[in-house]
Amino acid sequence: MNHRRSGQRSPLNLSRPFADTFSHPRVFASVAIVCLSALPVHSLQAAPQQAGESTLEQPPATETAPAEEAKPIPPVAPALPGAPPLLPSQMKQSADPGQADLDEAVLKRIDAESNEDLEAVASLIESALAKGLDDENQSFAKKMLGSIQLQRGQGLAGAMTRMRGRRALQVRDEALRVLDQAIENDPGLAEAHMLIARLNLLPDGDEERIAKATSAAIELLQDDPKELSTAYLLRAMTQDDTDDQLADLSKAIELDPSNAEAVRQRAGLRMQNGDFDEAVEDLQKVLELDPTNEQIAAATVQQLVELDRADDALELLSKTIQARPSEGLYRLRALLYTDMDREDDALADLNKALAMQPKDPIALLQRAEISLRRDDVKDAKRDLDAAIDLAPQVEQLDQAIVVRCFIAAEEGRMADAINDMKILIDRSPDDVYRQLQLANLYLQDDRPRQAIDMLSGVLDRDPKNASVLRSRGDAYLAVGDHAEAIADYEKALTNLDEDNETDAIILPSVLNNLAWVLATSPKDEVRNGARSLELGLRAVEMTDESEGHILSTLAAGYAESGDFENAVKWSEKAVEAAKKELEEGASEESVQLKQLQEELESYRVKEPWREKQDTEENQIPLLSPDDLIDT
């Protein structure tokens, strides 16, 4: 009789681990590229390229033309009697030797269309400054030169987004050099400060320059809340102190509540600090701002589930779907429904997802998993085959291999199932859950010794793992090594906490299996009726007297203790529970019902039950697909 129950549930496994969603601010190089592509660049409509012209893709030389030496101003001779007086422009040129160059620069600036045009204008301004200008014109010339250099820097930044590798970094460095010149000439260019900060977010950027540039921009952008919000966000990425970083992010959100990136960053920071409720609130806000952001939706749902707020996660996700339905969000809610044991709702959502995108192999795989949970192997195979037909590479995904593995197990192709589970373990050697699944497959294939060997290896690394101890105890029980089974069950009990949700799932099965072997072992030295009764009563209480095999164990404990009246009472309840389960469609109870009836008859004649499982090891070699030869 198989008194074992796996009692295990798979944890919610949403796409993309959440820790990847919120990383160190320097990871935001990709964000910088997006920011660069959205810059208010003063686009240059380049004229048709002539021989010798440069373009944005090929930045101009970094050296500026040397300014002409300022010629000494000749002394102004007094006007001779009768000589014509000097015109005002002639008097101005005498006072400002660079005025002519500046006037020409102003005229050329109006028509400038290419890098070469801008370089020419910049050269004229630099010449005018070198020759000499009065204070007013000098200030005007520097602002004009700064504006040109900002425009050149923006053009280079825009060109850089279309480049890769070293070339992109070279253009970035050139843009930074030009922008430094721009703010040297006009420190009030907030756009230049912001672009310097964004460019330094890229690989090999300088965090100190980001901090300096954003601080300068913050002083200059007081009348522009949205851009000021961005400046605080960028500066937050350079803050070493958590409180300072949080303050900058909160200020950014205060200035612009629609700044989803700032809200997302604050959520990550709060998560790192252990402020989970506040972090989830921020994630919910991001999802409201961007309902189609499936990565954020998955992270939000995951965190709510981990906080035992699955109902809140479902409500949030349902509101998001109502506002903007999408195939991805339906798939995500199907995962949540599955974790909540609402398989019908999960299946309905997957059908909606496939109605919106019939050729989605991932949704097909999810639906195949649901079908397996419902013992519908035919539909599971159909969806798995359809997913592979749509995208052959899907066959190599872990999710597809899991489906294929359990289809094989349901069809009795245990060698195929075992080989698939080995593939999964090879990919994740430290995945204890997969190793437990492989052990169970070994047991189903009558290979308990192989299960024991594998589980012993896991326990060498993690000797207090109650799930593994329980599984090895089951394997020992299968081969009749009752003393070893009892030792493993007792160790498992010492490491299980009834108040822990995960432990509470497997605790009844450990209590039941230990109580069973203590009551029914044919080995006198291991039986203990009193201990069996203690454990059996606890298991029955934890399962609300609802599971036939656990009621049967309590009856065996009473029989071993000589109380056959109670043994018959609880054995009758076990038979009735099994009949009810059989009527409800639990096909595996049909074999168990026969044994339960035999146990009842034994107790009626005042004979305790004895059971010695001694599985003969399956000696048929397990061949991998590579070992098979077509004939």
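Does region 408-419 include one or more residues that are over 20 Å from R373 (Cα atoms), in contact (Cβ under 8 Å) with a residue 40 or more places away in the chain and not small (G, A, S)?
Yes, region 408-419 has at least one match.
Just one of (1) open to solvent by 20 Å² or more (accessible area, probe 1.4 Å); (2) in contact with a Pro (Cβ under 7 Å, 6 or more places away or on another chain) trips up V394, so point out which.
Just one mismatch for V394, condition (1).
Yes/no matrix, rows are residues, columns are (1) open to solvent by 40 Å² or more (accessible area, probe 1.4 Å); (2) among the aliphatic types (A, V, I, L, M); (3) modelled with pLDDT under 95:
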| residue | (1), (2), (3) |
| --- | --- |
| L443 | no, yes, yes |
| L469 | no, yes, no |
| R472 | no, no, no |
| A485 | no, yes, no |
| K491 | yes, no, no |
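Does K378 qualify as being closer than 24 Å to Y330 by Cβ and touching a Phe, Trp or Tyr at 6+ places or on another chain (Cβ under 7 Å)?
no
Please find, among T292, T300, the residue that is under 23 Å from P358 (Cβ atoms) and of a type outside the set (A, V, I, L, M).
T292
Please work out which one of (1) surrounded by 20 or more Cβ atoms within 10 Å (Cβ to Cβ); (2) free of Cβ contacts under 8 Å to residues at least 24 places away in the same chain is the condition D499 fails and give its number.
It is condition (1) that D499 fails.
Please verify whether region 462-479 includes one or more residues that are outside any helix (DSSP H, G or I), among the β-branched types (V, I, T) and over 32 Å from the mean Cα position of the chain (by Cα).
Within region 462-479 (the criterion being outside any helix (DSSP H, G or I), among the β-branched types (V, I, T) and over 32 Å from the mean Cα position of the chain (by Cα)), the answer is yes, since at least one residue qualifies.
Just to be sure before I move on: is L424 out of contact with any Leu (no Cβ under 8 Å at 6 or more places or on another chain), open to solvent by 10 Å² or more (accessible area, probe 1.4 Å) and among the aliphatic types (A, V, I, L, M) in the structure I sent?
Taking the combined requirement at face value, the residue does not satisfy it.
Checking the structure you have, find out if any residue of region 128-139 is under 24 Å from L195 (Cα atoms), of a type outside the set (V, I, T), crowded, with 22+ Cβ neighbours inside 10 Å and more than 51 Å from the chain's Cα centre (by Cα).
no
Of (1) touching a helix residue (DSSP H, G or I) at 6+ places or on another chain (Cβ under 7 Å); (2) open to solvent by 30 Å² or more (accessible area, probe 1.4 Å); (3) farther than 21 Å from Q265 by Cα; (4) of a type outside the set (A, V, I, L, M, F, W, C), P203 satisfies all except one. Which?
For P203, the exception is condition (3).
Would you mind stating whether S521 is crowded, with 22+ Cβ neighbours inside 10 Å, polar (S, T, N, Q), touching a Leu at 6+ places or on another chain (Cβ under 6 Å) and within 24 Å of E607 (Cβ to Cβ)?
no
Can you tell me which of A213, A190 is open to solvent by less than 20 Å² (accessible area, probe 1.4 Å), at pLDDT 90 or above and within 30 Å of D103 (Cα to Cα)?
Matching residue, one of A213, A190: A190.
Select, from E174, E184, E208, the only residue that is surrounded by 15 or more Cβ atoms within 10 Å (Cβ to Cβ) and part of a helix (DSSP H, G or I).
Going through E174, E184, E208 in turn, the sole match is E174.
If you check every pair at least six apart or on different chains, which have Cβ atoms under 8 Å apart with a residue in region 348-372 that is within 17 Å of R382 (Cβ to Cβ) first and a residue that is part of a loop (DSSP other than H, G, I, E, B) and of a type outside the set (A, V, I, L, M) second?
A353/D360; L354/D360; A363/Q357
Condition check: out of contact with any Cys (no Cβ under 8 Å at 6 or more places or on another chain) and open to solvent by less than 40 Å² (accessible area, probe 1.4 Å). Does L220 satisfy that?
no
Scan region 398-405 and tell me whether some residue there is open to solvent by 30 Å² or more (accessible area, probe 1.4 Å), among the hydrophobic types (A, V, I, L, M, F, W, C) and under 25 Å from the mean Cα position of the chain (by Cα).
no
Take L455 and decide whether it is over 35 Å from the mean Cα position of the chain (by Cα) and buried (at least 24 other Cβ atoms within 10 Å of the Cβ).
No, not satisfied.
Search region 227-240 for residues that are at pLDDT below 90 and pair each with any residue that is not in a loop (DSSP other than H, G, I, E, B) when their beta-carbon atoms are under 6 Å apart and the residues are at least 6 apart or on different chains.
M237/P25; T238/E207; T238/I210; T238/A211; Q239/Q245
The values are calculated or read from the model by the stated rules, or taken from the named source; none is laboratory data. Keep in mind that this is a model prediction, so the values were computed, not measured. Using ideal geometry, Cβ is built from the backbone for each residue, glycine included, and neighbour counts are taken over all protein chains shown. Heads up: the accessible areas ignore ligands, DNA and RNA and are worked out on the full protein's heavy atoms, side chains in. Shrake-Rupley method; radii C 1.70, N 1.55, O 1.52, S 1.80 Å.
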